[in-house]
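What follows is calculated from the coordinates using simple rules that are stated; it is not laboratory data. On a predicted model such as this, the values are computed, not experimentally measured, just so you know. Glycine gets a Cβ as well: all are built from the backbone with ideal geometry, and neighbour counts include every protein chain shown.
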Amino acid sequence: MAKAKTSGAAAASVLPKALDSQLTKGLGLVEAKKYTEALELFQEMVGPAKESGNPALERTIRNYLTVCERKVGKGPKGAAKPEGEAQWLLNQNDAEGALALLEKSIKADPTSGILQFLKASAHAQMGDAEAAAEALNRSLLLDGDLLHLYRLETDFDGVRNMAPFAAIERS
């Protein structure tokens, strides 16, 4: 699951306006460490996100919901999915922390396309185009639907026009 960045025009056109606004508010609450309020908001968003027909949006909301549950002690310790924790770290611009978590998680689940995608996002945040493209290609082999998420993810903006991404950009 990719990071939820809704400020770009492309992302705004994909998300229903009400969900876009709620997601922005929820992310602000997480950044402000107001996990209880964020938890309530993300709980309200799960149904509408599912109904929107946007699986990336639903996955993002569920990941943030899991992180918030863990932060407020509503879920068992360690219950947060690694992709949710990695997503949160990436949103905090902690690409190195996310990468460390993702490396361990990928060893445990090498067939997860979303873990590979998040690894690509982490490398892109760090400006490592080759590693980002390699991880992105692996993620797309595992889950071709992630191509749409790649097109929306702003973490790739700094590396998207580099040579390692040429074949991906043509697809």
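Per-residue packing, averaged as other Cβ atoms within 10 Å, sorts the ranges 94-104, 25-35, 56-66 into the order 56-66, 94-104, 25-35, beginning with the highest. Fewest neighbouring Cβ atoms within 10 Å first, the residues Arg138, Arg151 line up as Arg151, Arg138. For the pair Asn137 and Thr24, a Förster radius of 41 Å applied to the C-beta separation gives a FRET efficiency near 0.85, rounded to the nearest 0.05. The alpha-carbon atoms of the range 9-71 define a convex hull whose volume equals 70 cubic angstrom per residue. Taken along the Cα-to-beta-carbon direction at a fixed 7 Å, the label points for Arg170 and Glu51 span 4.4 nm. Could you list, bin by bin from short to long, the percent of Cα-Cα pairs of the range 84-170 in 10 Å steps? Each 10 Å bin holds this share of Cα pairs: 20, 57, 22, 0. The Cα trace of the chain gives Rg and Dmax of 15.3, 45 Å, the first to one decimal, the second as a whole number.
Evaluating 6.51 cos²θ - 1.76 cosθ + 1.60 at θ = phi - 60° for every residue in the range 100-108, the Karplus couplings come out as 4, 5, 5, 4, 5, 5, 5, 4, 6 Hz, glycine and proline recorded as x.
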